[in-house]
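Report on one structure; see the data block that follows.
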Amino acid sequence: MKLLFNILGVLALLLGILGLFLPLLPTTPFLLLASACFARGSDRLHGWLLNHRVFGVYLRNFEAGHGIPLRAKIVASVMMWSSLLVAILRFEHLGLRVALVLIGASVSLYLWRYLPTLRTSR
């Protein structure tokens with residue numbers, strides 16, 4: 001089972017890294033999935049990811065229950081709704097449009113209502 005979790009963690013990490021460069025591919029969910037998989041598959045890989053100079057701070061704060069910074073919530077919302085708007089305008093099928101709006105609304109609800117905002121001191 002540990003091998004499976006490690007393989008899934010590496011795949012999720014690769015998708016998360018691609019998400020940094022591809023606008024429609026999200027980074028954060030894949031990094032969270034990678035962290036969860038590594039936590040179950042390899043203490044060494046999980047520790048490496050939590051101590052990574054780019055991703056580590058966000059993952060440590062999330063795993064500690066502190067949430068994500070307000071700026072990250074705003075950027076995520078703007079990017080998500082921009083992408084969804086392009087998709088909604090591109091497709092004519094009403095059911096697909098409704099599904100995209102519902103998915104966006106659900107993610108936004110989770111992001112703004114249930115995911116804590118990290119308080120930073122200035």
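The values are calculated or read from the model by the stated rules, or taken from the named source; none is laboratory data. As the structure is a computational prediction, the values presented were derived from the model and not from experiment. Cβ atoms come from the backbone with ideal geometry, glycine included; neighbour counts cover every protein chain shown. In case anyone asks, the SASA skips ligands and DNA or RNA and just uses the protein heavy atoms, side chains included. Shrake-Rupley method; radii C 1.70, N 1.55, O 1.52, S 1.80 Å.
Contact annotation: residue pairs with Cβ atoms under 6 Å, 6 or more positions apart or on different chains, pairing a residue in region 76-89 that is closer than 19 Å to Phe21 by Cβ with a partner that is open to solvent by 60 Å² or more (accessible area, probe 1.4 Å) and at pLDDT below 90, are Ser83/Leu24.
Within region 49-73, being among the β-branched types (Val, Ile, Thr), over 20 Å from Leu22 (Cβ atoms) and either surrounded by fewer than 12 Cβ atoms within 10 Å (Cβ to Cβ) or in contact (Cβ under 8 Å) with a residue 12 or more places away in the chain (or both) holds for one residue alone: Ile68. Pairs linking a residue in region 4-20 that is hydrophobic (A, V, I, L, M, F, W, C) to a residue that is open to solvent by less than 80 Å² (accessible area, probe 1.4 Å) and part of a helix (DSSP H, G or I), with Cβ atoms under 6 Å and 6 or more positions apart or on different chains, are Phe5/Cys37; Phe5/Gly41; Leu8/Cys37; Ala12/Phe30; Ala12/Ala34; Leu13/Ala34; Leu15/Phe30. For the structure I just gave you, tell me whether Ser106 is at pLDDT below 85, of a type in the set (S, T, N, Q) and either part of a loop (DSSP other than H, G, I, E, B) or under 30 Å from Leu4 (Cα atoms) (or both). Taking the combined requirement at face value, the residue does not satisfy it. Among residues that are at pLDDT below 95 and charged (D, E, K, R), Arg40 is not included.
Applying the selection to region 75-109, what residues are open to solvent by less than 80 Å² (accessible area, probe 1.4 Å), among the hydrophobic types (A, V, I, L, M, F, W, C) and within 17 Å of the chain's Cα centre (by Cα)? Of everything in region 75-109, those that are open to solvent by less than 80 Å² (accessible area, probe 1.4 Å), among the hydrophobic types (A, V, I, L, M, F, W, C) and within 17 Å of the chain's Cα centre (by Cα) turn out to be Val75, Ala76, Met80, Leu84, Ala105, Val107.
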